[in-house]
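**Q** I'd like to ask you about the structure that follows.
The values are calculated or read from the model by the stated rules, or taken from the named source; none is laboratory data. Note that the structure is a prediction, hence the values are computed from the model and not measured. Note that we place each Cβ from the backbone using ideal geometry, even for glycine, and neighbour counts take in every protein chain shown. Heads up: the accessible areas ignore ligands, DNA and RNA and are worked out on the full protein's heavy atoms, side chains in. Shrake-Rupley method; radii C 1.70, N 1.55, O 1.52, S 1.80 Å.
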Amino acid sequence: QVQLMESGGGLVQAGGSLRLSCVASGIIFRSSNMGWYRQAPGKQRELVAVITAGYNTNYAASVKGRFTISRDNVKNKVYLQMSSLKPENTAVYYCARPPDAWGQGTQVTVSS
């Protein structure tokens, strides 16, 4: 049974920081590419960041330099450190093992 569970979302002011966490079970985590996606109201789900099993990373252009994805293969966790948050970053953030495993999401709201 594949399960991805996000935590760490919440309400922050613009310019603030937040760290999202995701714990995975039911997958071979160490050999899995992992990612964070987000979906804002009325918009399509989009890729935010990915980290491969080999620790290579890729970011959406809009978050590069502000967000950092990392992983801990001992804890089966993937993280998204978000800094310099902007109101347009408000969305539900999802942890994923693309293309077929998704968490339920955690809400991130950035206020002005």
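**Q** Of the conditions (1) open to solvent by 70 Å² or more (accessible area, probe 1.4 Å); (2) assigned to a strand (DSSP E or B); (3) more than 14 Å from ARG19 (Cα to Cα), GLN107 fails just one. Which one is it?
**A** Looking at each condition in turn, GLN107 falls short on (3).
**Q** Select from the range 55-75 the residues that are open to solvent by less than 50 Å² (accessible area, probe 1.4 Å) and in a loop (DSSP other than H, G, I, E, B) and list them in ascending order.
**A** Taking the range 55-75 as the starting set, the residues that turn out to be open to solvent by less than 50 Å² (accessible area, probe 1.4 Å) are 59-60, 63, 66-67, 69-73.
ALA60, VAL63, ARG66, ASN73 - these are the residues of the range 55-75 that are open to solvent by less than 50 Å² (accessible area, probe 1.4 Å) and in a loop (DSSP other than H, G, I, E, B).
**Q** Restricting to the range 42-54, name every residue that is out of contact with any Lys or Arg (no Cβ under 7 Å at 6 or more places or on another chain), among the small types (Gly, Ala, Ser) and surrounded by fewer than 15 Cβ atoms within 10 Å (Cβ to Cβ).
**A** Across the range 42-54, the qualifying residues are GLY42, GLY54.
**Q** Give me the pairs, please: first residue somewhere in the range 74-102 and on the phi > 0 side of the Ramachandran plot and in contact (Cβ under 8 Å) with a residue 60 or more places away in the chain, second residue anywhere and open to solvent by 10 Å² or more (accessible area, probe 1.4 Å) and aliphatic (A, V, I, L, M), beta-carbon distance under 9 Å, and either six or more positions apart or on two chains.
**A** SER84/ALA14
**Q** Here are some residues: GLY8, GLY16, GLY35. Which one is surrounded by 12 or more Cβ atoms within 10 Å (Cβ to Cβ) and in contact with a Lys or Arg (Cβ under 6 Å, 6 or more places away or on another chain)? Write out each step before concluding.
**A** On the way: GLY16 fails: in contact with a Lys or Arg (Cβ under 6 Å, 6 or more places away or on another chain); GLY35 fails: in contact with a Lys or Arg (Cβ under 6 Å, 6 or more places away or on another chain).
Every option except GLY8 fails the conditions.
**Q** Run down LEU85, LEU80 and say which single residue is open to solvent by less than 10 Å² (accessible area, probe 1.4 Å) and not in a strand (DSSP E or B).
**A** Just a single option satisfies the conditions, and that option is LEU85.
**Q** Any residue in the range 4-17 that is in contact (Cβ under 8 Å) with a residue 40 or more places away in the chain sitting within a Cβ distance under 9 Å of a residue that is part of a strand (DSSP E or B) and open to solvent by 60 Å² or more (accessible area, probe 1.4 Å)? List the pairs, counting only those 6 or more apart or interchain.
**A** LEU4/TRP102; GLY8/ARG19; GLY9/GLN107; GLY10/GLN107; LEU11/GLN107; SER17/GLN81
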